[in-house]
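What follows is a set of notes on a single structure, which appears directly below.
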Amino acid sequence: MTGPDPAAPFRLAYAPGVIPSKWSRLWAERSPRVPLELVQVSPAEAADQIRERSVQAALLRLTADRAGLHAIPLYTEVTVVVIPKDHLLAAADEVTPGDLADEVVLHPLDDTLDWAQPPGRPALQRPDTTGDAIELVAAGIGLLVVPQSLARLHHRKDLTYRTITDVPQSQVALSWLEDETTDAIEQLIGIVRGRTVNSTRGRQAEPEPVREPARAAKPQRRPATPAKKPAAPKRGKPRRRS
């Protein structure tokens, strides 16, 4: 039975809006013999791709089902509201949920924010995808609240976005199977956590017991000879007086 091919590519899935290019460059520098293959998947597919072993790891949002998976949070995304450029809210630096009370706010089925219902008034139907919701915003049908990375991914010249406060935020994490923390996974963890090339990489070996360094034998000292007390002067017999 042959072992795994050391030159087989390491497959890393990533959710829309996540940009793994910086990490892939570092991987190429540090592991040139193992190609890193990037696979873009939908938010709903990312966790299943790992469980099915179609990929070894994934950069996903923590709203995904993580049963049986490890996950290391990497960063938290800013949440924004996507609006037409001529909308009144475009004049504001940032908005609050209260500013959307009278607006139709779209809630796509692939929503990446952990809430039951966005602020504002619900649309009659939920768009299938974030991309579909963006098209509806451009058509003037409603607004959309998403992580900033998705607003940039679906950028249009006729749309803009503003930061919205007091709403859920999306966290991006590196995830893999709980029982498969391989050397390649450890390498990837080091890269996404910003470890330098000189940092410890790969699974660490069992630490050896610490031994006390050998000490040079100290020369034995002879016990000091106690100084002899000076002999008391001998006393002669007392002379008798004549």
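Worth pointing out:
- Solvent-accessible area, 1.4 Å probe, carbon plus sulfur percent, for the range 47-204: 45
- Charge tally for residue 108 (other residues, Cβ to Cβ under 13 Å; Lys, Arg +1; Asp, Glu -1): -4.
- Take the Cβ atoms of residue 196 and residue 8, set R0 to 25 Å, and the FRET efficiency comes out at 0.40.
- Stretch gain in nm, segment residue 183-residue 157, where the contour uses 0.36 nm per residue and the Cα spacing is subtracted: 4.9 nm
- Rounded to whole Å, sorted largest first: equivalent-ellipsoid semi-axes of the range 1-123, Cα gyration tensor: 38, 17, 11
- Scaled against 2.2 N^0.38 Å for its residue count N, the alpha carbon radius of gyration of the range 60-106 is 1.69.
- To the nearest 10, the accessible area of residue 37 is 70 Å² with a 1.4 Å probe.
- Gain upon complete extension [residue 75, residue 102; 0.36 nm per residue less C-alpha separation]: 6.5 nm
- Solvent-accessible surface of the range 62-106, averaged per residue with a 1.4 angstrom probe and all protein chains in place: 52 square angstrom.
- Distance (nanometres) between label positions extended 7 Å along Cα→Cβ at residue 115 and residue 22: 2.8
- Here is the size of the range 91-193 from its Cα atoms: Rg then Dmax, 17.1, 53 Å.
- Between residue 91 and residue 44, the contour length at 0.36 nm per residue exceeds the Cα-Cα span by 13.4 nm.
The values are calculated or read from the model by the stated rules, or taken from the named source; none is laboratory data. Everything quoted here is computed from the prediction, not taken from an experiment. Don't worry about glycine lacking a Cβ; one is built from the backbone with ideal geometry, like all the others, and counts go over all protein chains shown. For the accessible areas, the whole protein counts, side chains as well, though only heavy atoms, and no ligand, DNA or RNA atoms are used. Shrake-Rupley method; radii C 1.70, N 1.55, O 1.52, S 1.80 Å.
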